[in-house]
Amino acid sequence: MPSGQLEALVRSAASSNNVDAKLLFSVIDAESHGDPAAVSRVGAQGLMQLMPGTSAMYRVTNPFDPYQNVDAGSRYLHDLLRRYKGNVRLAVAAYNAGPGAVDAAHGIPPFAETRAYVDRVVAGLK
């Protein structure tokens, strides 16, 4: 996807869903490196690596459509930020490991992958 097109898409989704565009760019970079056709080993799909359940929850019909994917991913991040009272580290941890894991751990879960993910995404905000 051309960088200008991705930038316009992210900025639009950020504005529509009240999420920092830098956070969206950082999550996309950490998740798919900007590849709208990316599929993870656990089945996450598209630019923001939406799991099928998350896609269904946000009514995504094609997770590989960059517009649907980024819109749903940004709405999900918005909801997580609200759930965790604006705590970006907890919201990002929940994006990676799921809110159940964050709630059970009463913070960032003790998974090496999640801890590294949170550090990578937060570093991208600077």
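A short reminder: the numbers here are calculations on the coordinates, not readings from a lab. Here the structure is a predicted model, which is why all the values come from computation and not from measurement. Because the Cβ atoms are built from the backbone with ideal geometry, glycine has one as well, and the counts that use them run over all protein chains shown.
The helices (runs of 4 or more DSSP H) found entirely in segment 34-126 that carry 2 or more residues being under 20 Å from Asn18 (Cβ atoms) and without any contact (Cβ under 8 Å) to a residue 60 or more places away in the chain are 52-57, 66-83, 88-97. Would you check which residues across segment 17-41 are closer than 16 Å to Asp65 by Cβ and touching an Asp or Glu at 6+ places or on another chain (Cβ under 9 Å) and list them? Within segment 17-41, Pro36, Ala38 qualify.
The single condition among (1) more than 26 Å from Glu113 (Cβ to Cβ); (2) part of a loop (DSSP other than H, G, I, E, B); (3) touching a residue at least 40 places away in the same chain (Cβ under 8 Å) that Val19 does not satisfy is (1).
Among the residues of segment 77-109, those that are farther than 18 Å from Leu125 by Cβ, surrounded by fewer than 16 Cβ atoms within 10 Å (Cβ to Cβ) and among the charged types (D, E, K, R) comprise Arg82, Arg83, Asp103. Just one of the numbered conditions (1) under 21 Å from Arg11 (Cα atoms); (2) among the hydrophobic types (A, V, I, L, M, F, W, C); (3) surrounded by fewer than 22 Cβ atoms within 10 Å (Cβ to Cβ) is not true of Val70: (3).
Scanning segment 1-20 for residues that are surrounded by 14 or more Cβ atoms within 10 Å (Cβ to Cβ) and closer than 14 Å to Leu81 by Cα returns Ala14, Asn17, Val19, Asp20.
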